[in-house]
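First comes the structure, then the notes that go with it.
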Amino acid sequence: MSDERPPLTDARRLAHEARSALNAIIGGAEMLLEGRDTPADDRQRELAERILRGGRRLVGLIDQLADAAAGEALRRGADRTARVTRFAAQGPRLLAATRDAVLTGNLPDAAANAWALELPVGYLAAPAADDAVRRLATFAGAGDHDGAREALGDLEREIAEALVSLGR
């Protein structure tokens, strides 16, 4: 189940749990320094002060790690959005033109459109889609209508899977 949780949620949850445990330790050290139950001797005070300094430092480090993890999660989300946006700017139009060319038997246009699709498909960072677009261009360029049709189906399937994996 943890794999299904967004990284940002995991980072916040872990930071919260670590802070909670540290705050209990820090609170105990503060109580010892204040002498609430029994007065602390010099050695106990020194240890309690070290615990306080170390605990507060760890809380600061936990906050920094949580912030870094949150920033990374947001960056990955922004990167996914940017890749989909780049694909959407050219990909659907070129894919439709390629599909029409393959289905009407205009393989020279299908090959040209397929090669033009290489860049927008590359934005999806999906190796199987990259492979399918190259196979489509190669089959269409060689005049292999059946191969081009099969590669087109593979390409459409791979693009759909890539978009789903990017959350779009």
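The values are calculated or read from the model by the stated rules, or taken from the named source; none is laboratory data. Being a predicted model, the structure only gives us computed values, none of them experimental. All Cβ positions, glycine included, derive from the backbone under ideal geometry; neighbour counts span all protein chains shown.
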Please work out which residue is modelled with the highest pLDDT, limiting yourself to segment 1-33 and to residues that are in contact with a helix residue (DSSP H, G or I) (Cβ under 9 Å, 6 or more places away or on another chain) and surrounded by fewer than 11 Cβ atoms within 10 Å (Cβ to Cβ).
5
Check on residue 160, among the hydrophobic types (A, V, I, L, M, F, W, C), in a helix (DSSP H, G or I) and either crowded, with 17+ Cβ neighbours inside 10 Å or in contact with a strand residue (DSSP E or B) (Cβ under 8 Å, 6 or more places away or on another chain) (or both):
no
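Yes or no, residue by residue, for (1) among the β-branched types (Val, Ile, Thr); (2) modelled with pLDDT under 90; (3) in contact with a Gly (Cβ under 8 Å, 6 or more places away or on another chain):
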{"residue": "107", "(1), (2), (3)": "no, no, yes"}
{"residue": "110", "(1), (2), (3)": "no, no, no"}
{"residue": "113", "(1), (2), (3)": "no, yes, no"}
{"residue": "119", "(1), (2), (3)": "no, yes, no"}
{"residue": "127", "(1), (2), (3)": "no, yes, no"}
{"residue": "144", "(1), (2), (3)": "no, no, no"}
{"residue": "155", "(1), (2), (3)": "no, no, no"}
Can you name the residue in segment 39-75 that is among the acidic types (Asp, Glu) and part of a helix (DSSP H, G or I) and, of all such residues, is modelled with the lowest pLDDT?
72
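When the residues of segment 105-152 are narrowed to those that are of a type outside the set (A, V, I, L, M, F, W, C) and under 24 Å from the mean Cα position of the chain (by Cα), which ends up nearest to residue 88 (Cα to Cα)?
Our first condition is that a residue be of a type outside the set (A, V, I, L, M, F, W, C); within segment 105-152, this holds for 105-106, 108-109, 113, 118, 120, 122-123, 127, 130-131, 134-135, 138, 141, 143-147, 149-150.
Then keep just the ones that are under 24 Å from the mean Cα position of the chain (by Cα); that gives 118, 120, 122-123, 127, 130-131.
Numbers: 118: 13, 120: 8, 122: 12, 123: 10, 127: 18, 130: 16, 131: 19 Å.
Here the answer is 120.
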If residue 129 satisfies all but one of (1) more than 15 Å from residue 157 (Cα to Cα); (2) surrounded by 19 or more Cβ atoms within 10 Å (Cβ to Cβ), what's the number of the condition it fails?
(1)
Restricting segment 83-104 to residues that are loosely packed, with under 15 Cβ neighbours inside 10 Å and under 12 Å from residue 156 (Cα atoms), the residue that is farthest from the chain's Cα centre (by Cα)
96
Pick from segment 116-126 the residues that are in a helix (DSSP H, G or I) and of a type in the set (A, V, I, L, M, F, W, C): which of them is surrounded by the fewest Cβ atoms within 10 Å (Cβ to Cβ)?
119
Read through the list (1) closer than 30 Å to residue 165 by Cβ; (2) at pLDDT below 85; (3) of a type in the set (Lys, Arg), then give the number of the only condition that residue 36 fails.
(1)
Being among the acidic types (Asp, Glu), part of a loop (DSSP other than H, G, I, E, B) and more than 30 Å from residue 17 (Cα to Cα), is that true of even one residue in segment 136-144?
yes
